[in-house]
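**Student:** Structure below; questions to follow.
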Amino acid sequence: MIISLIVPCYNEECTVGIFYSEVLKIEHKINAEIEFIFINDGSQDATLDILKDLHQRDARVHYISFSRNFGKEAALLAGLEMASGDYVATMDVDLQDPPSLLPEMIEIITGKNPEGEYDCVATRRCTRKGEPLLRSFFSRAFYRIINRISSTQFVDGARDYRLMNRKVVNAIIGDREYNRFSKGIFSWVGFRTKWISYDNITRSAGLSKWSFFKLFKYSVEGILAYSTLPLYITSCLGILMCFLSFFVLLFIIFRALIFGDAVAGWPSMVSIMVFLNGTVLLCVGIIGLYISKIYLETKKRQIYIIKEKA
């Protein structure tokens with residue numbers, strides 16, 4: 001039995017060696033052969049050199065190096081396509097996904113537990129200790145919002161750290177959408193999944209590559225990919241504004257007829273016009289985001305380009 005570990009890397013020269021060493025520490029607890037697949041996602045530091053060195057020292061270590069930075073979603077897909085294992089795990093290299101959970105995950109997915117066999121074992125953080133309060137607040141808000149507006153359900157605190165059998169991996173690979181949101185894809189393909197919770201773990205070294213703006217953009221990508229409710233909201237808002245504008249117009253006409261003062265009240269009129277124009281721009285912007293996704297999908301661009309691999 002082979003277990004493939006998919007590990008995306010972007011400027012992770014400080015963490016690759018630590019991750020490799022930590023996996024070797026628990027290797028004796030895994031009754032299977034390990035296959036390492038590191039994806040160098042256009043790193044600008046010495047990440048690729050370290051991966052090449054590991055490959056020379058250990059034949060089980062493989063790597064894919066992109067021609068530029070294509071993002072974590074593309075890196076995960078590339079790793080899944082290259083993986084040859086009977087079971088495949090996706091993990092972060094910074095050890096926020098603890099390798100020590102792998103033996104338990106393997107035991108569960110191979111059916112060696114009272115609950116029966118699972119197709120996937122996924123992980124979630126039960127605490128956010130050590131994470132900035134503002135970031136934690138918006139993360140929880142994102143899960144509350146998307147679970148209300150999407151038919152695809154998302155688990156709060158879910159990580160990309162999961163172990164899957166071949167059926168799940170093939171289903172994910174078969175989804176060829178360009179605008180990828182892995183958390184949504186993992187949930188959308190279905191299959192029986194066992195969830196394991198653990199406390200939040202800080203990075204082993206280096207700094208996070210996810211800024212607040214990147215996380216916000218990522219959350220918007222998820223909402224656009226798995227819900228059309230914003231489009232319905234814009235339609236309802238447009239209808240509401242039309243009715244509101246009609247009644248405001250009647251109010252202005254009657255007031256002018258009764259008081260004969262067409263000049264007074266211009267500040268309120270300006271406020272109404274600004275409000276209505278802002279609403280229109282908001283609706284157009286939301287529709288534009290969906291159109292942009294359609295545009296990118298129809299171009300059929302490659303999701304990633306491999307510069308070299310071993």
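**Student:** Below 9 angstrom from the Cβ of S4, what's the summed charge of the other residues (Lys, Arg +1; Asp, Glu -1)?
**Tutor:** So the surrounding residues net to -2.
**Student:** When a footprinting reagent is the concern and you count Cβ atoms within 10 Å, what order do M91, M1, M241 take, fewest first?
**Tutor:** Lowest to highest Cβ neighbour count: M1, M241, M91.
**Student:** Normalised by the residues of region 2-210, what does the relative contact order come to in percent, with Cα pairs under 8 Å and at least six apart?
**Tutor:** 25 percent.
**Student:** Among K293, K299, K194, what is the fewest-to-most ranking by other Cβ atoms within 10 Å?
**Tutor:** Lowest to highest Cβ neighbour count: K299, K293, K194.
**Student:** Additional query: When H28, H62, H55 are ordered from fewest to most other Cβ atoms inside 10 Å of their Cβ, what list results?
**Tutor:** H28, H55, H62
**Student:** Using 30 Å as the Cα-Cα cut-off, could you pick out the over-long pairs in K183/K309; K52/K293; K194/K309; K183/K299?
**Tutor:** In this structure, K52/K293; K194/K309 lie more than 30 Å apart at Cα.
Bear in mind that the values in this text are calculations on the coordinates, not laboratory data. As the structure is a computational prediction, the values presented were derived from the model and not from experiment. Note that each Cβ is placed from the backbone with ideal geometry, even for glycine, and that neighbours are counted across all protein chains shown.
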